[in-house]
Amino acid sequence: MMIKNETLSVIKNRRSIRAYKEEQITDEELQAVLEAGLYAPSAMNQQCWHFTILQNKEIMNQISESSKLVAKTFDNEHLQKLANNEKFHIYYGAPTVIIISGEEKALMSDVDCAAATENMLLAAEAIGLGACWINFTRFAFASDKAEYYRKTLAIPEGYSPFYSITLGYKKVETLNAPPRKENIVNYVK
């Protein structure tokens, strides 16, 4: 018998959403998602993250183009295919993007930021928003416009952008989860 509760259902129902309505999410919804990120666990409770809210379409478009230019140089067929697709936008038309940066001197900054990112993804699902974890944003910070983006987005000195998530109202209904891999749990009692 499987235990059932609301939190476990949210975890199982969350999917990466890549189609959004144009309507902007409310400030209240955004704050709920951000608060979930702030309550993520962190190594030695350093809370070494910084969240940048991006709702400017022009900057989103610039970051998408810069990211795609860098992705074209990777020796990865999937990345190159996406980067060479003129219709592909790394943020899938989402009205809001949250960029998660981590303090470079912190003990486990990337891990802490990953925990905050997952908390925000789960919070988005819990309140009915669509969200997707986007790693393409990092490519923009490896481009020749990296300093421009750091200044434009007010990324604090000593912080590195690790992840980003898209947020918006779902344009399509979520699908069922693909089957989970088998034989990936090992018990030692």
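The values are calculated or read from the model by the stated rules, or taken from the named source; none is laboratory data. Just so it is clear, the model here is predicted, and its values are computed rather than measured. FYI the Cβ positions are ideal-geometry reconstructions off the backbone, even for glycines, and counts take in every protein chain you see.
Just a few scattered comments:
- Restricting segment 126-142 to residues that are surrounded by fewer than 21 Cβ atoms within 10 Å (Cβ to Cβ) and more than 13 Å from the chain's Cα centre (by Cα), the residue that is farthest from Gln31 (Cα to Cα) is Ala142.
- Single match in Ile59, Ile53 (criterion: assigned to a helix (DSSP H, G or I) and either at pLDDT 95 or above or of a type in the set (Ser, Thr, Tyr) (or both)): Ile59
- Cβ-Cβ distances below 8 Å connect the following pairs, each with a first residue in segment 18-40 that is within 18 Å of Ile99 (Cβ to Cβ), a second residue that is modelled with pLDDT under 95, and a separation of six or more residues or different chains: Tyr20/Lys171.
- Which listed residue, of Ala40, Ala36, Ala32, is over 18 Å from Gly130 (Cα atoms) and buried (at least 17 other Cβ atoms within 10 Å of the Cβ): Ala40
- Checked against (1) over 23 Å from Glu65 (Cβ atoms); (2) modelled with pLDDT of 95 or more, Ser164 passes all but condition (1).
- Of the residues making up segment 81-114, just one is surrounded by fewer than 18 Cβ atoms within 10 Å (Cβ to Cβ), assigned to a helix (DSSP H, G or I) and touching a residue at least 60 places away in the same chain (Cβ under 8 Å), namely Val111.
- Identity of the residue in segment 14-29, within 17 Å of the chain's Cα centre (by Cα) and not in a loop (DSSP other than H, G, I, E, B), that ends up nearest to Leu121 (Cα to Cα): Ser16
- Verdict on Pro156 being in a loop (DSSP other than H, G, I, E, B) and in contact with a His (Cβ under 6 Å, 6 or more places away or on another chain): yes
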